[in-house]
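Every read-out reported here was derived from the displayed coordinates using simple, explicitly stated rules and does not represent laboratory data. Please read all numbers here as calculations on a predicted model, not as lab measurements. Heads up, the Cβs are rebuilt from the backbone with ideal geometry, glycines too, and the neighbour counts pull from every protein chain shown.
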Amino acid sequence: MIKSVDIFLIFLALAIFSWGIHKRIRLWHIGKKDKRSDKMWHRIKSFLLDGIAHRRVLQDLYPGVIHLLIFLGFIVPFTVIVITQFIFTLPIALARLISLILDIIALAAIVSLILAIYRRYITRPSRLDNRTDDLLSLILILLIVLTGIILEGLRISVIGKDVQTWAPVGNTLAALINITGWDNNAKGLLSMIIFRVHFFLVLGIIAYVPYAKLFHIISSPINMIFRSLSPKGTLSYLNLEDEEAETFGVAKIEEFTWKQLMDLDACTRCGRCQDHCPAYLTEKPLSPKDIINDLKDHMHRRGPQILDARIKGTNPEEVSPLINSVIAEDILWACTTCRSCIDHCPVFVEHVDKILDMRRYQVLMESKFPEELTAAFRGLEKNSNPWGLGYDSRADWAGELDVPIMSETGEKEIDCLFFVGCIRSYDDRNKKVAVAMTRILNHLGIKFAILGTEEGCCGDPARRVGNEYLYQILAQTNIETFNRYNIKMILTTCPHCYNTLKNEYPQLGFSCEVVHHSVFIQENIRNGRLKLNHALAKRLTFHDPCYLGRYSGIYEPPREVLKSIPALNLREMKRSRIDSLCCGAGGGWMWMDEKIGKRMNIQRLEDALTVNPEWIATACPFCVTMFDDAIKDKNMEKDLKIWDIAELVEQAMFGIK
């Protein structure tokens with residue numbers, strides 16, 4: 001009778017589990033289609049490394065190890081039980097080894113669960129928002145592991161030494177139980193009671209998983225499998241000529257893709273994104289974690305209404321757009337698109353694309369955006385640069401330098417096009433970098449040219465604030481020029497231009513080799529063509545630009561360049577490489593004023609000052625400008641200088657001071 005009831009309860013728990021999974025998947029599919037089934041082996045490999053082996057989780061070592069041990073304590077015993085009970089019996093030698101492993105894992109899991117509870121409810125890191133569900137999940141798993149290991153001790157206590165078991169923890173518990181003097185009948189009764197408790201706890205947690213935070217056991221690995229495999233800097237393409245599209249961008253939860261909605265359920269609320277968000281760290285209203293969870297809560301309220309309406313063949317009740325009803329405007333516009341949230345998320349939640357999709361709707365459909373962007377849009381529309389400065393002055397930086405211009409040379413074959421970019425062309429401080437790069441190219445004998453007045457903005461400033469229409473106009477104009485001159489290789493000193501030209505122009509039908517100057521210089525130092533003979537005896541720290549590091553994965557080339565300069569003392573900031581803090585210029589903030597909290601460029605300068613540098617180096621015009629402003633704000637112009645790596649190479653080549 002008990003066996004029949006147990007079978008019924010097992011099927012009931014599985015039925016409740018399956019129904020919960022079904023409801024979650026239906027909820028995701030209120031979203032739009034999104035193809036995520038390509039390169040499946042690569043996706044499975046990511047799941048094995050990041051989901052099973054916890055590669056990303058372990059980037060934050062202490063909580064990462066705790067999570068890994070809890071995961072193993074939960075999944076390994078379950079897997080072994082299924083194999084041994086329903087598939088085959090293990091050989092004695094293998095059974096002994098597995099029993100030892102299970103014993104160690106169980107003990108480690110118990111310690112980890114206690115540490116997790118202590119961390120959440122005693123030390124209470126600010127990034128964690130503890131809910132009842134969090135504690136209940138931890139206690140359930142702890143009770144399951146504890147009752148399981150107590151059962152092992154009782155079994156050994158009753159049967160004595162077991163040739164199939166190597167269980168030091170179980171043997172220790174058995175010895176303690178034997179001290180009580182209980183007879184086997186008492187031990188048997190206690191075993192039966194604890195087994196029933198263990199059994200019901202296991203069934204309970206199986207049924208509970210789809211309805212609680214524990215659902216991330218399922219949703220997070222699936223999210224890893226279906227994560228974006230496109231280049232990191234590529235935003236989704238928006239077909240502005242789609243006659244069936246009623247709106248562009250995202251105003252309603254169902255206008256996200258199914259994968260974007262899956263993201264919401266995959267989030268574990270660990271807060272790592274928040275801990276690394278420059279906006280949050282400088283007291284802006286943005287928390288990437290809160291954006292995801294506010295959208296998730298809205299999805300779980302709104303989704304069933306949409307599904308019911310679809311079943312009935314009616315339209316769901318109208319609701320207010322997401323902006324200002326779910327996500328405040330100040331939150332939406334606080335993002336610098338630095339991507340730190342995504343790169344630190346252990347389950348590959350894609351925060352930035354959701355923010356930019358909502359920005360697209362605000363700009364394209366509502367014409368609502370920070371007023372400072374009005375002048376930038378007007379300048380881009382009129383003169384293809386955010387300041388609206390004249391086309392005819394775009395190449396003035398070149399002065400009397402020997403800089404060939406494509407329209408004047410009449411030469412069809414060049415080694416590369418030097419795409420200067422707006423900031424290097426018009427900003428007085430950054431013009432010096434364009435000059436330095438030109439001197440390096442001429443010294444190398446590289447056959448290059450610039451477009452001069454035919455060069456236009458790459459479109460990044462427009463696209464990152466949601467003005468997809470303006471971006472595509474700017475991009476198409478450049479593409480027509482590139483095609484007219486049959487451009488095969490582009491060199492740029494701007495990571496934003498680099499990302500846009502290399503990763504996003506292919507969406508519009510143009511692709512060619514694009515090289516960032518840090519990589520170009522590194523290669524020419526390696527092959528011996530660039531000789532850096534002049535010492536620069538200075539203490540220097542390097543700031544990783546977001547669009548060079550996190551977006552493009554270029555961390556070592558600029559460092560290798562700096563290490564090649566004689567006497568230069570390179571000192572690393574604590575927040576460097578993937579942890580580098582944004583300077584505050586991305587996502588349109590180069591043209592907006594920070595009115596809330598601490599200025600990001602000041603915070604980043606203070607990071608640099610902790611290593612006592614005389615110079616700061618970077619490889620991005622945005623970063624040069626932001627550091628230059630911060631240095632002036634702190635009245636440190638006499639004590640501290642900001643350089644682009646091209647300027648330092650120029651000094652080391654020619655002895656310029």
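Data for the structure
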read-out	value
Structure-derived semi-axes √(5λ) of the Cα gyration tensor in Å: which label, when the choices are (1) 50, 45, 35; (2) 36, 31, 26; (3) 55, 30, 22	(3)
Dipole of the chain, positive direction: furthest Cα of Ile490, Leu113, Asn612, with charges on the beta-carbon	Leu113
Rounded tilt (10° steps) of 216-225 against the dominant C-alpha axis of the chain	40
At most 12 other Cβ within 10 Å, DSSP loop - trypsin sites (Lys or Arg not before Pro), region 14-86	Lys33, Lys35, Lys39
At most 16 other Cβ within 10 Å, DSSP loop - trypsin sites (Lys or Arg not before Pro), region 537-595	Lys574, Lys595
Lys pairs, region 228-354 - Cα-Cα below 22 angstrom, 8 or more residues apart or on other chains	14
Estimated [θ] at 222 nm from DSSP helical runs (n ≥ 4, -39500 (n - 2.57)) normalised by residues in the chain, nearest 500	-16500 deg cm²/dmol
Ranked packing of 266-273, 194-201, most packed first, by mean Cβ within 10 Å	266-273, 194-201
Qualifying GluC sites (Glu not before Pro) for region 345-403 [loop in DSSP, other Cβ within 10 Å: at most 16]	Glu366, Glu371, Glu400
Angle in degrees between helix 61-86 and the longest Cα principal axis of the chain, rounded to the nearest 10	50
Crossing angle, helix 428-444 versus the chain [Cα axis fit, 0-90 degrees, rounded to tens]	80
